[in-house]
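Have a look at the structure below before the remarks.
Derivation of every value follows stated rules applied to the coordinates shown; laboratory data play no part. A quick note: this is a predicted structure, and the numbers were derived from the prediction, not measured. Quick reminder, even Gly has a Cβ in these numbers, built from the backbone with ideal geometry, and neighbours come from all protein chains shown.
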Amino acid sequence: MSYEIEYAVRHIYDSRKAGITVKTTLRGNGLSVVFNAKIDTGAEFCLFARELGEQLDIEIESGYQKIFQL
């Protein structure tokens, strides 16, 4: 048996460049910020620059700390 998956939005990206980059909008606290994001389809976490959170009036230091290592 086969299944068909449909998506509301289709993103086009340049497959000649390393990785997948798409125009992205983050929203929070009635604010929004638009930027280009690198997509990792197998990632367990999504990481964003601190400045993006600050633009959304997110209290960065009030969140929980997670340490990432290479």
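Region 20-60 has equivalent-ellipsoid semi-axes of 20, 12, 8 Å, by the square roots of 5 times the alpha carbon gyration tensor eigenvalues, sorted largest first.
Coupling constants for region 10-26 follow from the phi torsions by the Karplus curve (6.51 cos²θ - 1.76 cosθ + 1.60, θ = phi - 60°), and in residue order they are 10, 9, 9, 9, 7, 6, 7, 9, 5, x, 10, 10, 10, 5, 10, 10, 9 Hz; glycine and proline get x.
Among the chymotrypsin sites (Phe, Trp or Tyr not before Pro) in the chain, those located in a DSSP loop and surrounded by at most 10 other Cβ atoms within 10 Å of their own Cβ are Tyr3, Tyr7, Phe45, Tyr64, Phe68.
Calculate for the chain the 222 nm mean residue ellipticity that helices alone would give, adding -39,500 (n - 2.57) per DSSP H run of length 4 or more and normalising by residue count, nearest 500 deg cm²/dmol.
Values: 1 runs with 6 residues, N = 70.
So the helix-based figure for the chain works out to -2000 deg cm²/dmol.
A crude spin-label estimate for the pair Asp14 and Ser32, with each label 7 Å from Cα along the Cβ direction, gives 2.5 nm. Derived scalar couplings between HN and Hα for region 29-44 equal 6, x, 10, 9, 9, 10, 7, 8, 10, 8, 9, 10, 5, x, 6, 8 Hz in order, rounded to whole Hz, by the Karplus curve 6.51 cos²θ - 1.76 cosθ + 1.60 (θ = phi - 60°), x for Gly and Pro.
Put simply, the Cα atoms of the chain extend 47, 33, 32 Å along their principal axes, the longest span coming first.
Assuming 0.36 nm per residue, please report the length gained on full extension of the stretch Glu4 to Leu47 beyond their Cα-Cα distance. Write out the running numbers ahead of the final one.
Details: separation 43, 0.36 × 43 = 15.48 nm, distance 3.02 nm.
Extra length available between Glu4 and Leu47 comes to 12.5 nm.
Loop-located GluC sites (Glu not before Pro) across region 21-65 with a Cβ neighbour count of 15 or fewer within 10 Å are Glu44, Glu59, with loop assigned by DSSP. Here each label is just a point 7 Å from Cα along the line to Cβ, and for Lys23 and Tyr64 those points are 3.6 nm apart. Within 10 Å, at most 12 other Cβ atoms, and a DSSP state outside H, G, I, E, B define an exposed site. Report the longest part of the chain free of exposed trypsin sites (Lys or Arg not before Pro). The segment 18-65 is the longest one with no such site. Each Lys and Arg Cβ is given +1 and each Asp and Glu Cβ -1; about its Cα centre, the chain then shows a dipole of about 320 debye.
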